[in-house]
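J.: Please see the structure below; I have some questions.
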Amino acid sequence: MQQLALDIGLFNGPSLSNYWAGPNAEALRHLELWVGHGQGTAPRSPVPTYLWGPPGCGKSHLLQAAREALRAQGSTVGWMDADSHDALDFDEAWSAVFLDDVHLYTAAQQQQAFNWFVNAQTWQRPVLAAGELAPADLVLRDDLRTRLGWGHIYSLQLLSEPERRAVLRQAADARGIFLSDEVMDYMLKRFSRDLGSLMELLGLLDGYALQTQRAITIPLIKSMMENA
(Lines give C-alpha, C1' and ligand atoms only; values in the text may rest on other atoms or scores of the structure.)
Protein backbone atom coordinates (compact mmCIF):
# COMPACT_ATOMS: atom_id res chain seq x y z
CA MET A 1 0.00 0.00 0.00
CA GLN A 2 1.36 3.43 -0.96
CA GLN A 3 2.15 5.71 1.96
CA LEU A 4 0.62 9.09 1.21
CA ALA A 5 2.10 12.36 2.38
CA LEU A 6 -0.61 13.62 4.68
CA ASP A 7 1.09 16.79 5.84
CA ILE A 8 -0.13 18.77 2.84
CA GLY A 9 -2.44 21.59 3.84
CA LEU A 10 -1.67 21.67 7.56
CA PHE A 11 -2.53 24.97 9.19
CA ASN A 12 0.36 27.37 9.71
CA GLY A 13 0.54 26.99 13.46
CA PRO A 14 -0.91 28.82 16.44
CA SER A 15 -1.36 32.57 16.21
CA LEU A 16 -3.54 35.05 18.04
CA SER A 17 -5.35 35.77 14.79
CA ASN A 18 -6.39 32.13 14.25
CA TYR A 19 -7.58 31.60 17.83
CA TRP A 20 -11.38 31.48 17.88
CA ALA A 21 -12.04 33.12 21.23
CA GLY A 22 -15.74 32.47 21.77
CA PRO A 23 -16.24 32.91 25.54
CA ASN A 24 -12.51 33.64 25.98
CA ALA A 25 -12.46 37.02 24.24
CA GLU A 26 -11.20 38.85 27.34
CA ALA A 27 -8.12 36.63 27.61
CA LEU A 28 -7.40 37.01 23.89
CA ARG A 29 -7.66 40.79 24.11
CA HIS A 30 -5.30 40.82 27.09
CA LEU A 31 -2.67 38.85 25.14
CA GLU A 32 -3.08 41.01 22.03
CA LEU A 33 -2.28 44.07 24.13
CA TRP A 34 0.50 42.20 25.96
CA VAL A 35 2.17 41.19 22.69
CA GLY A 36 1.78 44.68 21.25
CA HIS A 37 3.51 46.38 24.17
CA GLY A 38 7.25 46.58 23.89
CA GLN A 39 7.03 47.59 20.21
CA GLY A 40 7.53 51.26 20.89
CA THR A 41 4.02 51.81 22.27
CA ALA A 42 4.49 51.02 25.96
CA PRO A 43 6.70 48.73 28.02
CA ARG A 44 5.38 45.21 28.55
CA SER A 45 4.08 44.84 32.12
CA PRO A 46 6.13 42.47 34.31
CA VAL A 47 2.95 41.33 36.08
CA PRO A 48 2.50 37.59 35.38
CA THR A 49 -0.49 36.16 33.51
CA TYR A 50 -1.95 32.71 34.18
CA LEU A 51 -4.45 30.90 31.93
CA TRP A 52 -6.31 27.85 33.16
CA GLY A 53 -9.04 25.55 31.95
CA PRO A 54 -9.84 22.05 30.63
CA PRO A 55 -7.99 20.32 27.79
CA GLY A 56 -9.00 21.75 24.42
CA CYS A 57 -9.79 25.29 25.60
CA GLY A 58 -6.74 26.73 23.83
CA LYS A 59 -4.26 27.41 26.65
CA SER A 60 -1.23 26.04 24.83
CA HIS A 61 -2.38 27.62 21.57
CA LEU A 62 -2.35 31.05 23.20
CA LEU A 63 1.04 30.55 24.85
CA GLN A 64 2.61 29.31 21.61
CA ALA A 65 0.98 32.14 19.68
CA ALA A 66 2.33 34.76 22.08
CA ARG A 67 5.79 33.16 21.98
CA GLU A 68 5.84 33.24 18.17
CA ALA A 69 4.64 36.84 18.15
CA LEU A 70 7.55 37.86 20.39
CA ARG A 71 9.99 35.88 18.26
CA ALA A 72 8.66 37.67 15.18
CA GLN A 73 9.58 40.93 16.93
CA GLY A 74 13.15 39.67 17.29
CA SER A 75 12.87 38.72 20.97
CA THR A 76 14.21 35.62 22.67
CA VAL A 77 12.16 33.92 25.37
CA GLY A 78 12.36 31.12 27.90
CA TRP A 79 9.96 28.21 27.32
CA MET A 80 9.16 25.23 29.54
CA ASP A 81 6.42 22.62 29.31
CA ALA A 82 5.89 19.15 30.77
CA ASP A 83 8.14 17.64 28.08
CA SER A 84 11.08 19.93 28.86
CA HIS A 85 13.73 17.99 30.74
CA ASP A 86 16.95 19.91 30.05
CA ALA A 87 17.91 22.15 32.96
CA LEU A 88 18.37 25.68 31.61
CA ASP A 89 19.51 28.73 33.53
CA PHE A 90 17.51 31.93 33.28
CA ASP A 91 18.85 34.14 30.50
CA GLU A 92 18.86 37.88 31.10
CA ALA A 93 18.39 38.39 27.35
CA TRP A 94 14.93 36.81 27.49
CA SER A 95 12.08 39.28 27.08
CA ALA A 96 9.56 36.89 28.71
CA VAL A 97 9.17 33.47 30.30
CA PHE A 98 6.55 30.92 29.22
CA LEU A 99 5.46 28.03 31.47
CA ASP A 100 2.99 25.62 29.89
CA ASP A 101 1.15 22.66 31.50
CA VAL A 102 2.40 23.62 34.97
CA HIS A 103 0.00 21.12 36.58
CA LEU A 104 2.21 18.32 35.18
CA TYR A 105 5.59 19.63 36.36
CA THR A 106 7.93 17.26 38.17
CA ALA A 107 9.79 18.38 41.29
CA ALA A 108 12.83 19.26 39.15
CA GLN A 109 10.71 21.25 36.70
CA GLN A 110 9.02 23.08 39.57
CA GLN A 111 12.45 24.05 40.93
CA GLN A 112 13.49 25.40 37.53
CA ALA A 113 10.18 27.21 37.04
CA PHE A 114 10.52 28.84 40.46
CA ASN A 115 14.09 29.91 39.64
CA TRP A 116 12.93 31.41 36.34
CA PHE A 117 10.05 33.16 38.06
CA VAL A 118 12.28 34.76 40.70
CA ASN A 119 14.76 35.92 38.08
CA ALA A 120 11.96 37.21 35.85
CA GLN A 121 10.73 39.34 38.74
CA THR A 122 14.25 40.58 39.45
CA TRP A 123 14.82 41.58 35.82
CA GLN A 124 11.26 42.87 35.35
CA ARG A 125 10.36 40.23 32.75
CA PRO A 126 6.75 39.01 32.38
CA VAL A 127 5.74 35.40 32.93
CA LEU A 128 2.95 33.81 30.89
CA ALA A 129 1.84 30.45 32.30
CA ALA A 130 -0.95 27.91 31.82
CA GLY A 131 -2.38 24.86 33.54
CA GLU A 132 -5.58 22.87 33.86
CA LEU A 133 -6.37 24.03 37.42
CA ALA A 134 -6.87 27.34 39.17
CA PRO A 135 -3.73 28.46 41.02
CA ALA A 136 -5.12 27.57 44.45
CA ASP A 137 -5.81 24.00 43.30
CA LEU A 138 -2.42 23.28 41.73
CA VAL A 139 -0.47 20.49 43.41
CA LEU A 140 2.82 22.37 43.26
CA ARG A 141 5.35 23.71 45.74
CA ASP A 142 3.84 26.60 47.66
CA ASP A 143 6.27 29.29 46.51
CA LEU A 144 5.61 28.53 42.83
CA ARG A 145 1.86 28.16 43.23
CA THR A 146 1.49 31.51 45.03
CA ARG A 147 3.51 33.29 42.35
CA LEU A 148 1.34 31.83 39.59
CA GLY A 149 -1.71 33.20 41.37
CA TRP A 150 -0.80 36.82 42.09
CA GLY A 151 -1.10 38.39 38.64
CA HIS A 152 -3.68 38.38 35.85
CA ILE A 153 -5.73 35.16 35.91
CA TYR A 154 -8.11 34.01 33.16
CA SER A 155 -10.36 30.96 33.30
CA LEU A 156 -10.77 29.64 29.74
CA GLN A 157 -13.90 27.81 28.61
CA LEU A 158 -14.41 25.20 25.92
CA LEU A 159 -16.25 26.27 22.81
CA SER A 160 -19.79 24.97 22.55
CA GLU A 161 -20.57 22.52 19.76
CA PRO A 162 -22.34 25.21 17.67
CA GLU A 163 -19.23 27.39 18.05
CA ARG A 164 -16.94 24.53 16.98
CA ARG A 165 -19.16 23.92 13.96
CA ALA A 166 -19.03 27.61 13.09
CA VAL A 167 -15.22 27.59 13.28
CA LEU A 168 -14.98 24.49 11.08
CA ARG A 169 -17.39 25.98 8.56
CA GLN A 170 -15.48 29.25 8.43
CA ALA A 171 -12.11 27.47 8.08
CA ALA A 172 -13.49 25.22 5.33
CA ASP A 173 -14.95 28.20 3.48
CA ALA A 174 -11.58 29.98 3.70
CA ARG A 175 -9.96 26.96 2.04
CA GLY A 176 -12.67 26.84 -0.63
CA ILE A 177 -13.90 23.39 0.39
CA PHE A 178 -17.39 22.15 1.18
CA LEU A 179 -18.17 20.27 4.40
CA SER A 180 -21.58 18.64 4.47
CA ASP A 181 -23.46 18.38 7.76
CA GLU A 182 -22.91 14.61 7.58
CA VAL A 183 -19.14 15.04 7.33
CA MET A 184 -19.19 17.62 10.11
CA ASP A 185 -21.12 15.24 12.37
CA TYR A 186 -18.63 12.46 11.63
CA MET A 187 -15.62 14.67 12.42
CA LEU A 188 -17.07 15.82 15.72
CA LYS A 189 -18.12 12.33 16.82
CA ARG A 190 -15.10 10.28 15.72
CA PHE A 191 -12.17 12.61 16.40
CA SER A 192 -10.85 14.82 19.16
CA ARG A 193 -13.16 17.76 19.72
CA ASP A 194 -10.52 20.29 20.69
CA LEU A 195 -10.22 23.01 18.10
CA GLY A 196 -6.53 22.62 17.35
CA SER A 197 -7.00 18.94 16.49
CA LEU A 198 -10.04 19.70 14.35
CA MET A 199 -8.10 22.34 12.41
CA GLU A 200 -5.25 19.89 11.81
CA LEU A 201 -7.76 17.27 10.66
CA LEU A 202 -9.33 19.75 8.27
CA GLY A 203 -5.91 20.56 6.83
CA LEU A 204 -5.15 16.87 6.35
CA LEU A 205 -8.51 16.29 4.66
CA ASP A 206 -7.95 19.23 2.35
CA GLY A 207 -4.53 17.95 1.34
CA TYR A 208 -5.73 14.38 0.86
CA ALA A 209 -8.75 15.50 -1.17
CA LEU A 210 -6.46 17.51 -3.48
CA GLN A 211 -4.04 14.62 -3.75
CA THR A 212 -6.75 12.11 -4.68
CA GLN A 213 -8.94 14.55 -6.63
CA ARG A 214 -11.99 13.64 -4.57
CA ALA A 215 -14.56 15.58 -2.59
CA ILE A 216 -14.44 15.43 1.21
CA THR A 217 -16.87 12.69 2.21
CA ILE A 218 -17.00 10.11 4.99
CA PRO A 219 -15.53 7.41 2.67
CA LEU A 220 -12.66 9.79 1.88
CA ILE A 221 -12.00 10.32 5.61
CA LYS A 222 -11.95 6.55 6.16
CA SER A 223 -9.62 6.09 3.20
CA MET A 224 -7.26 8.75 4.51
CA MET A 225 -7.08 7.11 7.93
CA GLU A 226 -6.39 3.72 6.36
CA ASN A 227 -3.49 5.19 4.37
CA ALA A 228 -2.05 7.23 7.23
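J.: Filter the stretch 168-214 down to the residues that are among the basic types (Lys, Arg) and within 23 Å of the chain's Cα centre (by Cα) and list them by number.
T.: Once the filter is applied, which keeps residues that are among the basic types (Lys, Arg) and within 23 Å of the chain's Cα centre (by Cα), the stretch 168-214 yields 169, 175, 189, 190, 193.
J.: Is there a residue being open to solvent by less than 20 Å² (accessible area, probe 1.4 Å), at pLDDT 95 or above, part of a loop (DSSP other than H, G, I, E, B) and in contact with a Lys or Arg (Cβ under 9 Å, 6 or more places away or on another chain) anywhere in the stretch 38-48?
T.: Initial filter on the stretch 38-48 (open to solvent by less than 20 Å² (accessible area, probe 1.4 Å)): 48.
Still in the running and at pLDDT 95 or above: 48.
If we keep only those that are part of a loop (DSSP other than H, G, I, E, B) as well, we get 48.
Next cut, in contact with a Lys or Arg (Cβ under 9 Å, 6 or more places away or on another chain) only: 48.
Checking the stretch 38-48: at least one residue is open to solvent by less than 20 Å² (accessible area, probe 1.4 Å), at pLDDT 95 or above, part of a loop (DSSP other than H, G, I, E, B) and in contact with a Lys or Arg (Cβ under 9 Å, 6 or more places away or on another chain).
J.: Name the single residue that is farthest from residue 220 (Cα to Cα) among those in the stretch 136-171 being open to solvent by less than 30 Å² (accessible area, probe 1.4 Å), modelled with pLDDT of 90 or more and aliphatic (A, V, I, L, M).
T.: Among those residues, the one meeting the criterion is 144.
J.: Return only the number of the condition from (1) at pLDDT 90 or above; (2) surrounded by fewer than 19 Cβ atoms within 10 Å (Cβ to Cβ); (3) of a type in the set (A, V, I, L, M) that residue 188 does not satisfy.
T.: Exception for residue 188: condition (1).
J.: In the set 56, 78, 74, which member is open to solvent by less than 50 Å² (accessible area, probe 1.4 Å) and part of a loop (DSSP other than H, G, I, E, B)?
T.: When all the criteria are applied, what remains is 56.
J.: Looking only at the stretch 199-211, decide whether some residue is open to solvent by 70 Å² or more (accessible area, probe 1.4 Å), assigned to a helix (DSSP H, G or I), in contact with a helix residue (DSSP H, G or I) (Cβ under 7 Å, 6 or more places away or on another chain) and more than 23 Å from residue 24 (Cα to Cα). Working first, answer last.
T.: At the first step, the residues of the stretch 199-211 found to be open to solvent by 70 Å² or more (accessible area, probe 1.4 Å) are 200, 210-211.
If we keep only those that are assigned to a helix (DSSP H, G or I) as well, we get 200, 210-211.
Still in the running and in contact with a helix residue (DSSP H, G or I) (Cβ under 7 Å, 6 or more places away or on another chain): none.
Within the stretch 199-211 (the criterion being open to solvent by 70 Å² or more (accessible area, probe 1.4 Å), assigned to a helix (DSSP H, G or I), in contact with a helix residue (DSSP H, G or I) (Cβ under 7 Å, 6 or more places away or on another chain) and more than 23 Å from residue 24 (Cα to Cα)), the answer is no, since none of the residues qualifies.
J.: Condition first: of a type outside the set (Asp, Glu), part of a helix (DSSP H, G or I) and farther than 21 Å from residue 197 by Cα. Now tell me which residues in the stretch 138-169 satisfy that. Outline the logic, then answer.
T.: Filtering the stretch 138-169 for residues of a type outside the set (Asp, Glu) gives 138-141, 144-160, 162, 164-169.
After this cut, where a residue has to be part of a helix (DSSP H, G or I) as well, the list is 144-148, 162, 164-169.
Passing the criteria: 144, 145, 146, 147, 148.
J.: Determine whether residue 124 is exposed (fewer than 14 other Cβ atoms within 10 Å of the Cβ), under 24 Å from residue 18 (Cβ atoms), over 18 Å from the mean Cα position of the chain (by Cα) and not hydroxyl-bearing (Ser, Thr, Tyr).
T.: no
J.: Quick one: in the stretch 68-116, of everything that is touching an Asp or Glu at 6+ places or on another chain (Cβ under 6 Å) and not hydrophobic (A, V, I, L, M, F, W, C), which residue is farthest from residue 34 (Cα to Cα)?
T.: Among those that are touching an Asp or Glu at 6+ places or on another chain (Cβ under 6 Å) and not hydrophobic (A, V, I, L, M, F, W, C), it is 103.
The values are calculated or read from the model by the stated rules, or taken from the named source; none is laboratory data. Every value quoted in this text rests on a predicted model; they were computed, and no experiment measured them. Counting neighbours? That spans all protein chains shown, and the Cβs are built from the backbone with ideal geometry, glycine included. Note: areas computed on protein heavy atoms with side chains; ligands, DNA, RNA excluded. Shrake-Rupley method; radii C 1.70, N 1.55, O 1.52, S 1.80 Å.
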